[in-house]
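S.K.: Submitted below is the structure of interest, expressed as structure tokens.
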Amino acid sequence: MNSAAAPLYEIRNLACSYGDDPVLFIDRLDIPADGPTAFIGHNGSGKSTLLKALAFLLKPASGTVRFLGGETAGRENEFRRQATLLLQEPYLLRRTVFENIAYGLRARNDTKGLRDRVAEGLEMVGLPADFSKREWFQLSGGEARRVALASRLVLRTRALLLDEPTANVDEENAILIAGVVKNSWKQWGTVPLVASHDLQWLEGVCSRTVSMRRGKIESTAG
Ligand SMILES: Nc1ncnc2c1ncn2[C@@H]1O[C@H](COP(=O)(O)OP(=O)(O)OP(=O)(O)O)[C@@H](O)[C@H]1O
Ligand SMILES: [Mg+2]
């Protein structure tokens, strides 16, 4: 893998379908590794589908996705460890907040200082440390989304794919999340790729924008 100079993702002739319905076609898109990228577009334009493909959770119908110069086909499990996705409808395990945030670290056998890292994750998303004891059903919608975000942030993956990270989140916490997302790039070199309808928020976080329309790239800027 040539990670020194390669883009984060190189997409070529990518097509994705749900069943027999083709919904995404990208002939060519490079996503650089040098900072955050925003994905914008109308409902149904393909943002979530693209993020799922980039997280190696949706197998392309055809085409290729290279990650940091490496061929990913057939090696999805390996690359899934380097790219984590906050789903548009965030999913929590039916466990405590602590177990939710610890889950990915445990799955990676990366449990050194686990308690501190869970506490750090909660702090990053503006939740008090004693939230770790709460059960998954004892959270508001915005709190649940922030717990799901914390569970992704603590992994410090190379790519952090965020699908509508500020939906249901109040303004104060949306500002906090903008800072955390930018910081994850500055501090750890984690590259955020963010789909959102909140264009003003995106502007403060990402200097590069990919616009999508009807499953295709309409334009790129920045
Ligand atoms: N699980 C699914 N099964 C079938 N079709 C789907 C599924 N998920 C999405 N689609 C379709 O794929 C297309 C792209 O959807 P996608 O969720 O990627 O759009 P989006 O840009 O994320 O939209 P939004 O802004 O509403 O989140 C749409 O036409 C949608 O109806
Ligand atoms: Mg979506």
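S.K.: It is to be established whether one or more residues within segment 71-80 are in contact (Cβ under 8 Å) with a residue 40 or more places away in the chain and open to solvent by less than 60 Å² (accessible area, probe 1.4 Å).
M.R.: Within segment 71-80 (the criterion being in contact (Cβ under 8 Å) with a residue 40 or more places away in the chain and open to solvent by less than 60 Å² (accessible area, probe 1.4 Å)), the answer is no, since none of the residues qualifies.
S.K.: For segment 30-65, give me each residue that is within 13 Å of ligand 2 (Cβ to nearest atom), within 16 Å of VAL210 (Cβ to Cβ) and polar (S, T, N, Q).
M.R.: SER45, SER48, THR49
S.K.: What are the residue pairs meeting all of these: first residue in segment 32-56, first residue in contact (Cβ under 8 Å) with a residue 24 or more places away in the chain, second residue crowded, with 22+ Cβ neighbours inside 10 Å and assigned to a loop (DSSP other than H, G, I, E, B), Cβ atoms under 6 Å, and 6 or more apart or on different chains?
M.R.: From segment 32-56, the pairs are ALA33/LEU8; PRO36/CYS206; THR37/CYS206; ALA38/CYS206.
S.K.: Another question, if that's okay. I need every pair where a residue in segment 4-19 that is farther than 13 Å from GLU71 by Cβ has its Cβ under 8 Å from the Cβ of a residue that is modelled with pLDDT under 95 and of a type outside the set (Asp, Glu), sequence separation at least 6 or different chains.
M.R.: ALA15/PRO22; CYS16/PRO22
S.K.: Still on this model: Using the structure shown, decide if GLY46 is surrounded by 13 or more Cβ atoms within 10 Å (Cβ to Cβ), under 21 Å from SER207 (Cβ atoms) and within 10 Å of ligand 1 (Cβ to nearest atom).
M.R.: Considered against the rule, which asks whether it is surrounded by 13 or more Cβ atoms within 10 Å (Cβ to Cβ), under 21 Å from SER207 (Cβ atoms) and within 10 Å of ligand 1 (Cβ to nearest atom), GLY46 comes out as no.
S.K.: Here is a check on your reading of the model: is ARG208 basic (Lys, Arg) and farther than 19 Å from LYS52 by Cα?
M.R.: yes
S.K.: On the given criteria, is ASP20 within 24 Å of GLU218 (Cβ to Cβ) and acidic (Asp, Glu)?
M.R.: No; evaluated as a whole, the condition is false for this residue.
S.K.: While we're looking at this one, here's another question. Looking only at residues in segment 81-94 that are within 16 Å of ligand 1 (Cβ to nearest atom) and open to solvent by 80 Å² or more (accessible area, probe 1.4 Å), which one is nearest to VAL169 (Cα to Cα)?
M.R.: GLU89
The values are calculated or read from the model by the stated rules, or taken from the named source; none is laboratory data. What you see is a predicted model, and the numbers here were worked out from it, not measured in a lab. Cβ sites come from the backbone with ideal geometry, for glycine too, and all protein chains shown count toward neighbours. Quick note on the areas: whole protein, heavy atoms, side chains included, nothing else; ligands and nucleic acids left out. Shrake-Rupley method; radii C 1.70, N 1.55, O 1.52, S 1.80 Å.
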